Amino acid sequence: MSSSSSQSKRSLLGDKFLIGEELGRGAYGQVFKGMDTSTGDVVAIKQIGLGGVSQANLQGVMGEIDLLKTLNHNNIVKYIGSFKTRNHLYIILEFMENGALSSVIKPNRFGVFPETLVAIYIAQVLQGLAYLHDQGVVHRDIKGANILTTKDVSSCSCCAAA
């Protein structure tokens with residue numbers, strides 16, 4: 001088998017998702033850009049290595065997945081699916097093409113944001129948080145890195161990690 005065909009097999013996850021470039025890293029894993037091969041939709045694929053993850057941390061992640069399955073709001077990142085392999089847990093989420101607000105507002109990137117734009121982002125975050133609170137969820141980690149944005153300024157979403 002050629003190395004290019006084995007690379008292709010490795011990049012197809014769950015017989016449905018192509019894994020692409022790395023978008024970022026967190027405490028428990030990496031996030032990749034991906035594609036749903038059945039629809040062509042771009043997705044975010046959160047990959048969590050299972051080696052060295054404590055049972056308590058794994059239960060916390062599984063609880064986050066169960067929570068994400070129940071949430072449905074314009075300002076909360078949409079859960080698409082998840083699956084586990086022997087070495088990794090994968091969480092498939094809506095792709096937010098502009099990434100984290102913390103990256104968008106870096107001082108040298110666009111300069112000072114107009115107050116009207118800041119008000120739009122704040123209103124959207126508060127709408128998402130109000131929805132979470134209505135569902136009995138307290139976010140506990142609101143920060144720019146956990147507020148994801150799209151090209152459409154009317155759509156910014158919180159990661160729903162409790």
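Quick notes
- The condition of being of a type in the set (A, V, I, L, M, F, W, C), open to solvent by 40 Å² or more (accessible area, probe 1.4 Å) and within 21 Å of the chain's Cα centre (by Cα) holds for only one of 91, 105, that being 105.
- Test: residue in the range 14-35 that is at pLDDT below 90, basic (Lys, Arg) and either in contact with a Cys (Cβ under 9 Å, 6 or more places away or on another chain) or under 23 Å from residue 139 (Cα atoms) (or both): yes
- Selected residue (only one of 143, 78 is closer than 30 Å to residue 12 by Cβ, open to solvent by 50 Å² or more (accessible area, probe 1.4 Å) and of a type in the set (Lys, Arg)): 78
- Options 117, 126; residue that is in a helix (DSSP H, G or I), open to solvent by 40 Å² or more (accessible area, probe 1.4 Å), at pLDDT below 90 and hydrophobic (A, V, I, L, M, F, W, C): 117
Let's see how each residue does on (1) in a strand (DSSP E or B); (2) open to solvent by less than 40 Å² (accessible area, probe 1.4 Å); (3) in contact with a Gly (Cβ under 8 Å, 6 or more places away or on another chain); (4) touching a residue at least 40 places away in the same chain (Cβ under 8 Å):
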residue: 33; (1), (2), (3), (4): yes, no, yes, yes
residue: 45; (1), (2), (3), (4): yes, yes, yes, yes
residue: 48; (1), (2), (3), (4): yes, yes, yes, yes
residue: 52; (1), (2), (3), (4): no, no, no, no
residue: 65; (1), (2), (3), (4): no, yes, no, no
residue: 68; (1), (2), (3), (4): no, yes, no, yes
residue: 72; (1), (2), (3), (4): no, no, no, no
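- Any chance residue 95 is under 25 Å from residue 12 (Cβ atoms) and not small (Gly, Ala, Ser): yes
- Looking across 20, 14, one residue alone is more than 14 Å from the chain's Cα centre (by Cα), touching a residue at least 24 places away in the same chain (Cβ under 8 Å) and surrounded by 11 or more Cβ atoms within 10 Å (Cβ to Cβ). It is 14.
- Looking across the range 23-71, just one residue is among the acidic types (Asp, Glu) and under 20 Å from residue 147 (Cβ atoms), and that is 64.
The values are calculated or read from the model by the stated rules, or taken from the named source; none is laboratory data. These numbers were taken from a predicted model, which means no experiment stands behind them. Ideal geometry is used to build each Cβ from the backbone, glycine not excepted, and the neighbour counts take in all protein chains shown. Quick note on the areas: whole protein, heavy atoms, side chains included, nothing else; ligands and nucleic acids left out. Shrake-Rupley method; radii C 1.70, N 1.55, O 1.52, S 1.80 Å.
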